[in-house]
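Structure first, then comments.
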Amino acid sequence: MNGLAARPLDGRTALVTGASRRVGRAIAERLRAAGARLALHAHTDRSGLEDVARALGAPGAPAFAFTADLRDASAAEDLIARAWEALGGLDLLVNNVGVLEHTPLAALDAEAFDRAMAVNARPVYLLSLAAGRRMKARGQGAIVNVACTSGLKAWGGYVPYSASKAAVLSLTQGFAKALAPEVRVNAVAPGPVLAPERLDEAQRRAIAATTLLGRWGAPADVAEAVLLLATQPWLTGVVLPVDGGRTA
């Protein structure tokens, strides 16, 4: 795939999970603008997903909408099979599905850890395995995982979430090795691009001040980074912070 072209994904196919809103929708929109034909996933938001599919479909190139609980291994395998059949193969998988749960010390228990791993890490493993095997057998493909800077430096109020995103980073590098050289596997690690609703304005300003650029990013910034990793043929095993310099 040529990342220098105006539409570097022309003739290519992509599955985006968690695509009905927020960062997932921005990624789907950017990939469609780059020429990709799309399969889109959501857990339960069928209405929102179908709205995105209608908006991003084109005559002769519909965007396909699938709902699935990706904590379940058979559902994850089935999603890859259905997307593969609908699109005639997959060139790109974007693992974006996830949940952010604030867990202060008093809220920490075994269930909080299990929830974070089940939603944020397990689907990355299951989908990368199912799609990666097919891509490797076909001789080409790319996977981009949406992690978080908390996977690089854990957040005290989000210990299970941070651990699950660290697992995503490990899975990225593990699958980059296991699926090479046919399949490239990379990850973006967003920083402050969408403020949780519980934050007030003072808290949002304080977080913005922790970035070198002094401001919040946007879902479109993450989408551009995903496109970069999806199209550059010499990048694999990369974890790209998209955080305005906050990690630095």
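Bear in mind these aren't lab numbers, they're just calculated from the coordinates by the rules spelled out. Everything quoted here is computed from the prediction, not taken from an experiment. Here the Cβ positions follow ideal geometry from the backbone for every residue, glycine too, while neighbour counts run over all protein chains shown.
Would you be able to say whether some residue in the range 40-47 is more than 18 Å from the chain's Cα centre (by Cα) and without any contact (Cβ under 8 Å) to a residue 60 or more places away in the chain?
In the first step, residues of the range 40-47 are kept if they are more than 18 Å from the chain's Cα centre (by Cα); the result is 46-47.
Adding the requirement that they be without any contact (Cβ under 8 Å) to a residue 60 or more places away in the chain leaves 46-47.
Checked against the condition, which is being more than 18 Å from the chain's Cα centre (by Cα) and without any contact (Cβ under 8 Å) to a residue 60 or more places away in the chain, the range 40-47 yields at least one hit.
Given the residues D51, D69, D78, D10, which is the only one that is farther than 26 Å from L235 by Cα and assigned to a loop (DSSP other than H, G, I, E, B)? So that I can check it myself, show each step before the final result.
On the way: D51 fails: assigned to a loop (DSSP other than H, G, I, E, B); D78 fails: assigned to a loop (DSSP other than H, G, I, E, B); D10 fails: farther than 26 Å from L235 by Cα.
Within the list D51, D69, D78, D10, the selection yields D69.
Residue under question is A166, and the condition is that it be of a type outside the set (F, W, Y), buried (at least 16 other Cβ atoms within 10 Å of the Cβ) and closer than 15 Å to V99 by Cα; does it hold? When the stated conditions are applied, A166 passes them. Only one of the listed residues (E77, E111) is without any contact (Cβ under 8 Å) to a residue 24 or more places away in the chain and over 19 Å from S20 (Cβ atoms). That residue is E111.
Here's the yes/no breakdown for (1) surrounded by fewer than 17 Cβ atoms within 10 Å (Cβ to Cβ); (2) within 11 Å of L15 (Cβ to Cβ):
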site	(1), (2)
E85	yes, no
L93	no, yes
E101	yes, no
D109	yes, no
L129	no, no
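If you go through the range 226-244 and keep only what is of a type in the set (D, E) and without any contact (Cβ under 8 Å) to a residue 40 or more places away in the chain, you end up with nothing. Selection of first residues in the range 154-171 that are of a type in the set (K, R) and of second residues that are crowded, with 20+ Cβ neighbours inside 10 Å, restricted to Cβ pairs under 7 Å at least 6 apart or on distinct chains, gives the following pairs, ordered by first then second residue: K165/N120; K165/A147; K165/C148; K165/S150; K165/G151.
Scanning the range 223-245 for residues that are surrounded by 14 or more Cβ atoms within 10 Å (Cβ to Cβ) and farther than 24 Å from V185 by Cβ gives a single hit, G244.
In a loop (DSSP other than H, G, I, E, B), of a type in the set (A, V, I, L, M) and under 16 Å from the mean Cα position of the chain (by Cα) - does that describe any residue in the range 207-217? Scanning the range 207-217 turns up no residue that is in a loop (DSSP other than H, G, I, E, B), of a type in the set (A, V, I, L, M) and under 16 Å from the mean Cα position of the chain (by Cα). Of the numbered criteria (1) within 19 Å of V242 (Cβ to Cβ); (2) under 18 Å from the mean Cα position of the chain (by Cα), the one K153 fails is (2). Out of curiosity, is G57 at positive phi and more than 16 Å from the chain's Cα centre (by Cα)? Answer is no for this residue. Of everything in the range 189-222 that is aliphatic (A, V, I, L, M) and in contact with a strand residue (DSSP E or B) (Cβ under 9 Å, 6 or more places away or on another chain), the residue that is surrounded by the most Cβ atoms within 10 Å (Cβ to Cβ) is V222. When you scan the range 96-103, do you find a residue that is part of a helix (DSSP H, G or I) and out of contact with any strand residue (DSSP E or B) (no Cβ under 9 Å at 6 or more places or on another chain), even just one? Within the range 96-103 (the criterion being part of a helix (DSSP H, G or I) and out of contact with any strand residue (DSSP E or B) (no Cβ under 9 Å at 6 or more places or on another chain)), the answer is no, since none of the residues qualifies.
Listed here are the helices (runs of 4 or more DSSP H) enclosed by the range 108-200 that have at least 2 residues being under 23 Å from G88 (Cα atoms), touching a Lys or Arg at 6+ places or on another chain (Cβ under 9 Å) and not basic (K, R): 122-138. P241 satisfies every condition listed in (1) of a type outside the set (A, V, I, L, M, F, W, C); (2) within 17 Å of the chain's Cα centre (by Cα); (3) under 30 Å from D109 (Cα atoms); (4) assigned to a helix (DSSP H, G or I) except (4).
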